[in-house]
Every structure is written in C-alpha cells, then in structure tokens.
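Trainee: Let me give you the structure first, and then I'll get to my questions.
The numbers here are math on the coordinates, done by the rules we state, and not lab data. Every value quoted in this text rests on a predicted model; they were computed, and no experiment measured them. Heads up, the Cβs are rebuilt from the backbone with ideal geometry, glycines too, and the neighbour counts pull from every protein chain shown.
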Amino acid sequence: MTAVEPRPQTAEVRASKRTEILENRPVNLDGFVEEWPEKGLVAMESDFDPQPSIRVEGGRIVELDGRTREQFDFMDTFIADHAIDVDTCEQAMAIESVEIARMLVDPRTSRADVVALGRGLTPAKILDVVKLMNVVEIMMGMQKVRSRRTPANQAHSTSAKDNPIQVAADAAEAAVRGFAELETTLGVLRYAPLVAIGLQVGGQVGRGGVLTQCALEEATELDLGMRGITAYAETISIYGTESVFVDGDDTPWSKAFLASAYASRGIKMRFTSGTGSEVQMGNAEGRSMLFLEIRCILMAKGAGVQGLQNGSISCIGVPGAVPGGIRAVAAENLVASWMDLECASGNDQSFSHSAMRRTSRLVPQLFSGTDFVCSGYSGVPNKDNMFAGSNLDTEDYDDWNTIQRDMQVDGGLRHVREDVILQVRNKAARALQAVFAELDLPAITDEEVEAATYADSSDDYPDRDVLADLEGARSVMERGVTGLDLVKVLERSGFGDVAENYLQVLRQRVSGDLLQTAAIFTGDFVPLAAVNDANDYAGPGTGYRLSGERWEELKKLRHVTSAENPEEEVV
Amino acid sequence: MTVDLTPADYPLSINRPELLRTPTGKALADITMAAVVSGEVTAEDLRVTPETLVLQGRIAESAGRRQLGENCRRAAEMTAIPDAEVLAMYNALRPNASSAAQLEEIATRLEGTYSATTCAALVREAAEVYAARNLLADDSGEF
Amino acid sequence: MTTATGTRTLTLREIGPAERGTRPEEVVIALSPAFGDPFTKTIVDVPHAEVIRQLLAGIEEQGGVARTIKVYRTADLAAIAHFGAKLSGSGIAVGILARGTTVVHQRDLARLSNLELFPQAPLLDAEVFRMIGANAAQYAQSRSPRPVPTRNDQMARPRWQAKAALLHLKEFECIDHARAAVEVEPVITRVD
C-alpha cells in the first residue's frame, strides 16, 4: 500500500456522485486525528498546560510556571538560569497577556521594545500571549519581529542515488535562482564527503557566497565544517521535554557546549526543533505541542545559539492532523523570531497531498517574510529529496515566482532564463569533473556532464560505480582534504572564479561575521545579518519593501506578453 | 586591546578589517588567491581567533543579545582545544555518559590547561543538574 | 460477512515466563505490549494474525524455528527487539510494534543498532513480513541474506504520521511495569 492509493471503499450505502468526487480529492489522502490533550496530542490550547508564574529570590528564579526550583526538570532549570532575564522578568510577567499580544501586532510598538519585553517572559506566559492571536495577527507580528530585514530562502539539494554530479548541478541551479543557503543529506552516509564537495562547488558556480551544509550526525557534521567543506550547520536537534531530550542522547548543556564548539571554529550554526516531536516520540508529558516548542525556543536562546530552524520540520504530519495545528506552526515561527533568534521557518517537508493545503501552509511565512521562508525548498524533484520530500519542489518554481509577482512579496527566488540555467548546470558539472580528476576520485565522464546539464532527476544520469565512489569518499576523509585544497584544485584547473568565490566563503571564518544573528552573504560577499540589516518594520511604508531593481527582476516570468509588441513575449 | 564596538562596526570584515588577524598573525587582506597558491596561506589561517570571537561577542551584546555574547566568549576559550578533544568533551556531556568525578575532571582540565573558565562553569553546572536528575553514568544496568 | 479469502484472528496463548532459548537456529519474535491484544491490525490494517503468519512462514521456509514472546514493560522497539535477541538461542530476534514497525536485532549489537530496520510501518505488507522472517532465519543460521529492499514514500508522512503518533501513545498506555515478559503460542484461527 502506498500513500497515494485511495482509501479503501467501504461504503455499503450509496453515495452521491458529488461525494464520490470529494472522496477522491487529494486532501482526503491526508491523515487527520482527534485531539487527545491528556497526552499532548493537541496543538496549542490545552487545559493541561501550566499557568504562567515567576518568582525571583536573591537574584535567581525560584519559581517558573507553577513549579518551584526543587520541582524543576532540566529544561526548567536551563531556561530559568540562562534564557530569562532575571532583572526584568517580574515586571514583564506583570503585564497582561492581551497587552503584550497587542504590542506584537501594533506597528507603533517597535521591534526593540517587544523583543526587550520578551526577554523576561516564561514559556507559559508566551503561550498565553500567542493563544490570543489569530493567524493574521501572528503574521502581523512576524513581519515586525523577524530578525533580518531582507527575507531569504534555503534549498535542499540531494539525490536518491547520492550522485554528487546531480547535487552539484542542482545546487548551481538553486543558487542562481536565488537561494541563500543550500542543504544536503545522504541515503548512504559514507557518500557524505563527495556529495558535500559537489554541493559546495556547484553552489559557488551558481552564485558566489551561497552557504552550504550537510545534515549528518553531530560529530561528522562538525568534522566536515571544521575542514571547510561545508559552511554552516543546522541539524542540531533539541526537544521540549527532558525525557525526549535524553532519548535523543543530549541535554541542554551538551547542546550549549556544541554551540560554542561550532562558533569556536568560526562556523555558523542553528538548532532545530518543532511542534509534534515530543508527542511523536511518546513523551509529551501531557503538554501541548506549542508549549513544548516554546520551551525549545527558550532553551536555544539560553544556549546563545544565533538561530533556530523550527515550524514542526519532520513532524509536520502531527500538528497538520489536529485542529489549529498549522496556526500553531505559524505561532512557533513567530515566537522564535520574537525571542530574537534567526528563524528558518520550515515549509521543508512533504505536508499534504493537496496543492491548496500546501500553499495555505506556506502563506504565513511567505507573506510575512522570514529569515528563511523554507528550510528548505526542494531544489530537486521530491522523489530525489533525501529529507523525505519537501512542501515545495522544483515543479513549483514557476508557481512560486508567480505568487511573488502576484502579491509583490519577496520569497527569495526569481525566474532565470533557460540559457543561464543550462550554463551554470554545465559549468558546475565540469568544475566537479575537474576536482574529481585532480583528487584522483572516480572519473566524471563527459556523458555525465552532458546529462547534468539537461537533467531533471537522478533517473536522467548514468549510474555511478557506487563502490568506487565510496572508496573515493573514504580517501577524501583519510587524506584530510580541506576546503582550501579544493580552492587550489579549482584554481589550477581553470575554474579561477569558482575558486575565488569559495575562498571568500572560507576567508569569512577569520572575521566571524557569519556568527551574528541571521547572517547570509550577498552576491558581493557582504555579510547581511540582523545587525547591519536589522528589521526596521514600523507599519505601512516601512521595513522591507519589494521595489526598484529587485521588483523589476521579480516581474519576469517564463511567459509574459510584451506590451510593446503583443506578438512577442518579454525575455 | 579594548575596543568599544557597536552594531555600526559590523561587518568587521568590511568596516573594521584592521582589528582582524588570522591565528598566524596575517591580516584579512593577506588571504589572497596568490598567497593560497604559493602555500603562504594554509588551512591554519582560515580559523577564527579568540580575540575576534570576543569582538563579535561585544557586537552581539551591543545589539542586545546577551546569550549570543556569552556563547562567543565560551567559543573564544574553546579555540585552544584540539578538535578531537572538543568532540570528546561534548560526548562526555551527553546524558548518562559520565560520572560526577569525570565531569569534574573535564572542568578542571578546561580551567587548568585551557584557561576556559566559562566553559568549566558550564560543565560544573551540568554536573550538578545531572546529579539532581539522575543523569550521571551509573552501572546498575539498563533494560 | 464472509469473503472468498476469509479472515484470520490471532490469539496469544500464554505458556510461561519468557526464558533464554537453547536451539542455535532459533528466531525469537518479540511483540510489543499492545500487539494482538488490544490491537488487532497494523497502521495500514494488516491483521496481526497475518503479520505473524507471514513471519512464521518466512522463518520456516528458510529452515528456521521460531519462538514468540510478548513484552509488557516497554514499548520501545529497540529495547523489545534487543531483549528478544538476548533470549534467542541464535541471538537473533524480530521485534514488532502493534502499528507494524519492525526491526531485526542481534544480541551482540548495541541496543540502538540493528541488522535491518523497517521504520515506515505504512509500507509493510504481508510480502515484506514474509521476507523479514526469511532473512531473520538466515541470520540465525549465520548466513548473510540480502537485506529486504527498503521502500520509501514521501507522502507517508502527511497520511500516517499523526495516526502513528496516536497508536504509539495508545501502545504506551498498555505498558505494564508489573508484568514480566511471557512466552506465548500464537494461535491463528480462520474465520469464514
């Protein structure tokens, strides 16, 4: 049985023709379940969540959301000791929730004020505030409190066959289409070094300064980062209950230590969490999904990590199945941003069979703008997506571009002419071919380069000798190949511009500039973070507005009839 | 070197490059393709120094991000610790992985060998919480 | 209602405490607290009777012998399977959750490791369970079978993830810390 097979027809009673049509709509392939609040199978409105409270004694928080210090679990302790501002919390907690909710929505309250207030709030209080907000108010809040002024986007570039040439070509295309970050992962983990190299080389061909990462278990991910083969890390998971955190073999202290480890090597990093993970793992301790996610957000803040990927992520089927679940997902993105973290806001996993539901799930992040609207958008056909599919994939590129143009919103992408796409795909494959040749890795044939130029999916490439590739991958690790080695190889094999782009990315480690909140690179290698590009939204006419050159760029689509000569299309 | 930094100094690579050095003392502008090709610039140069991390921490704090500033300070201390040892310490901090004595040993080493006092404090804090929450290594056997 | 193929029901008849087996070719089938009772079918409605029948058939056709135990103190699949492996004469066990998630485990491996894991319960049908049984029997005889081909369906999440969570919660409710694991005899009855 597969997920797209229709539900078994059990009706013994005759149904109307209309019912038959409705029965066969894709939305009815999605799973929906009743709430079960006692067990935490509830989005954000549960009688089993604690009431907000705080008490400070001797400069220390001694009571948090109805628990005293001796009753604290380790999340409470970490949040009380690291996340919440002791000096301001009693004052902040005294403000009525409805007043704080209004401040989030009202453009006349500045981001700085509402963020400062947020530093003194407990998880239950934050939940109490966002529970008062409907989805439009959540979006109003998001457009003000997201940290970076300019929205951006992230792509997945993976291959069902772990084919590094495919990953390179698709990374190049994704980069030229506008993604600021590229993420890959593997089917066969041992392929990681070759695929990560493909991603980095392809990305720097498409657009200099794109940042890349390879999602792996913690130790290997850090290793590739330290070698300079990847530029940042994201899959550092945290959870909202102590029991699930321990099941994941970590604690807030081990993760805080890891956060510093990344920073100590000059590598950008964010944590990952999301609604539904605790109930999915069977230990929600009777709390709502959003309450637990807010604890994750405060834990991340307390650890001093610059950002968080959230928005349910790989558990989206859980909040997606309960009432109000997608509102809760929008709210968790809002809270991450409100807590002054970079927010990579999900929209990154297959979520629904229904195109309408997929779009409506995306609206809060795309229309408000977030630091990364998708984390990420599948830059390969979903069947090649080794994160088990995304909410958007390559088939949706033109729809996305059209929605940007319709609504005059910036989702980070643009339409790119076919000749440009073919050129960067071809160049990425050739650059990787040269790198493989120089490093004595299994050869990339001209036939493979040709395939990469015109391919859609992994089916369109000649099969690689997997065992030989894995041997090559092992030797890359054993020989200690670094990012700098790759720069040299690219330089001496005639890809000087790609080498230069790559060197710029590595050079940035020395400055530590990418460690600041929500940092990305512009095409001119200017770090853009929530420091020099802080969100300054203050109501109509302010903040990020799609205008000028960027708006002209987004007016372009695959087919637009020319006003000057209606017999032709705009190129 | 005490420098007062504000958000206006960011990005340091563009606005305050004179404050930046590689671990071997080179300036940012010395990291050129020619220098890479000639072997003058090595992988060792492409690391961040503790001084730079402290500067970035100050910028974060000046933007109201206290915890990010603290993280940068811990990171500054950690630059001295070799990669493998950083990973080993991280693994030792996982739940049920270390005894109280083992965590204290790590804290002492952080303090003594690496002058990493804020990192040591984090490890000691973890040890205290792990003891209270029954997350220290124990040999009573699992399920 | 009768159908041409008929349906089968599963009864787990308790034999006694789960103990260490001695037969070197033995495969232990370790069932979770809710398997067979109170639940009767997997997340995609494969009857538990059919799951057991296919596993047994797979084991038998490779010349193996099976012994079935039921665990009450945990609903953690890795723990269930690893426990079964420790009781197995060959050191090989197949662990199954009520919703169908299955793992083939071996005594000497770490608990969170495994020989073959089938995490996507919605993709497991009768044919797959038979292949799992056959492979387990081969591992038990120190042979190296080709792993059962894994299936992947990116739309399984929207369709089944929440139901899986619900079934998992229900299974957790069936945990009985006071009750030690027992050996059971699976009795499959055909209902026409």
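Trainee: Which of A:Met407, A:Met75 comes first, and how do the rest follow, when ranked by fewest Cβ neighbours within 10 Å?
Mentor: A:Met407, A:Met75
Trainee: For Cα pairs less than 8 Å apart in space and 6+ apart in sequence, what is the mean separation divided by the residue count of segment B:4-102, i.e. the relative contact order in percent?
Mentor: Taking the mean separation of contacting Cα pairs over the length of segment B:4-102, I get 23 percent.
Trainee: Would you mind calculating the relative contact order of chain A from Cα pairs under 8 angstrom and at least 6 residues apart, reporting the percent as a whole number?
Mentor: Relative contact order for chain A comes out at 20 percent.
Trainee: A follow-up question, please. Diagonalise the Cα gyration tensor of segment A:54-145 and give the resulting equivalent ellipsoid semi-axes, square root of 5 times each eigenvalue, largest first, whole Å.
Mentor: Those come to 26, 13, 10 Å.
Trainee: Looking at segment A:202-244, what % of the alpha carbon pairs are farther apart than 17 Å? Walk me through the intermediate numbers first.
Mentor: Details: 402 of 903 pairs.
So the portion of pairs separated by more than 17 Å is 45 percent.
Trainee: To test your reading of the geometry: what angle, between 0 and 90 degrees and rounded to tens, separates the Cα axis of helix B:66-78 from the longest principal axis of chain B?
Mentor: For B:66-78 against chain B, the angle is about 90 degrees.
Trainee: Which value in deg cm²/dmol, rounded to the nearest 500, describes the helix-derived mean residue ellipticity at 222 nm for the protein assembly as shown, given -39,500 (n - 2.57) per DSSP H run of n ≥ 4 and division by the residue count?
Mentor: Theoretical 222 nm ellipticity from helices: -13000 deg cm²/dmol.
Trainee: Follow-up question, since we're still on this one. Can you give the alpha-carbon Rg of the protein assembly as shown over 2.2 N^0.38 Å, where N counts its residues?
Mentor: For the protein assembly as shown, the normalised Cα radius of gyration comes out at 0.95.
Trainee: Same structure, new question: Is there a simple number for the mean count of other chain Cβ atoms within 10 Å of the Cβ of residues in A:26-36, and what is it?
Mentor: Numbers: counts 2, 1, 0, 3, 6, 13, 3, 7, 2, 0, 4.
Mean partner-chain Cβ count within 10 Å for A:26-36: 4.
Trainee: Counting only other chains, and only Cβ atoms inside 10 Å, what mean value do you get across the residues of A:314-324?
Mentor: 4
Trainee: Shifting gears a bit: Across peptide B:26-38, what mean number of C-beta atoms from other chains lies inside 10 Å of a residue's C-beta?
Mentor: The mean count of partner-chain Cβ atoms within 10 Å per residue comes to 3.
Trainee: Still on this structure: In whole percent, what relative contact order does segment A:54-145 give with Cα contacts below 8 Å and a gap of six or more residues?
Mentor: Relative contact order of segment A:54-145: 29 percent.
Trainee: Explain nothing, just the number: dipole magnitude of chain A about its Cα centre with +1 on each Lys and Arg Cβ and -1 on each Asp and Glu Cβ, in debye rounded to the nearest 20.
Mentor: Charge dipole of chain A: 960 debye, to the nearest 20.
Trainee: Could you tell me the distance between the Cα centroids of segment A:84-146 and segment A:162-234, to the nearest Å?
Mentor: 37
Trainee: Among A:Leu557, A:Val498, A:Phe525, whose Cα lies farthest out toward the positive end of the dipole of segment A:428-571, if unit charges sit on the beta carbon of Lys, Arg (+1) and Asp, Glu (-1)?
Mentor: Farthest along the dipole direction, towards plus: A:Phe525.
Trainee: Additional query: Using Cα atoms only, what is the angle between the long axis of helix A:496-511 and the major principal axis of chain A, expressed in degrees (0 to 90) to the nearest 10?
Mentor: For A:496-511 against chain A, the angle is about 30 degrees.
Trainee: Once you have the alpha carbon radius of gyration of chain C, what is it after dividing by 2.2 N^0.38 Å, with N set to its residue count?
Mentor: Ratio of Rg to 2.2 N^0.38 Å for chain C: 0.96.
Trainee: Based on the inverse mean of 1/r over its pairs of different Cα atoms, what is the Kirkwood hydrodynamic radius of segment B:80-143, in Å?
Mentor: 12.0
Trainee: Using the Karplus curve 6.51 cos²θ - 1.76 cosθ + 1.60 with θ = phi - 60°, what ³J(HN,Hα) values do you get for each residue of segment C:61-71, in whole Hz, with x for Gly and Pro?
Mentor: 5, 9, x, x, 10, 10, 9, 10, 10, 10, 9
Trainee: Could you list A:Asp524, A:Asp87 in order of exposure, starting from the residue whose Cβ has the fewest other Cβ atoms within 10 Å?
Mentor: A:Asp524, A:Asp87
Trainee: Above 22 angstrom, tally the Cα pairs of segment B:1-78 and express them as a % of all pairs, no decimals.
Mentor: For segment B:1-78, the share of Cα pairs beyond 22 Å comes to 28 percent.
Trainee: Roughly what angle does helix A:325-338 make with the longest principal axis of chain A, taking Cα atoms, 0 to 90 degrees, to the nearest 10?
Mentor: Approximately 90 degrees, to the nearest 10.
Trainee: Under unit Cβ charges (Lys, Arg +1; Asp, Glu -1), what dipole magnitude, rounded to 20 debye, does segment A:54-145 have relative to its Cα centre?
Mentor: 320
Trainee: Next question. Using amide H atoms built 1.01 Å from N in the peptide plane, name the residues 5+ places from B:Ser99, or on other chains, whose amide H lies under 5 Å from its own.
Mentor: B:Ala137
Trainee: Would you grab the residues whose amide H sits under 5 Å from the one on A:Glu63? Only those 5+ places off in sequence or on another chain, please, with H modelled 1.01 Å from N.
Mentor: For A:Glu63, the qualifying residues are A:Arg55.
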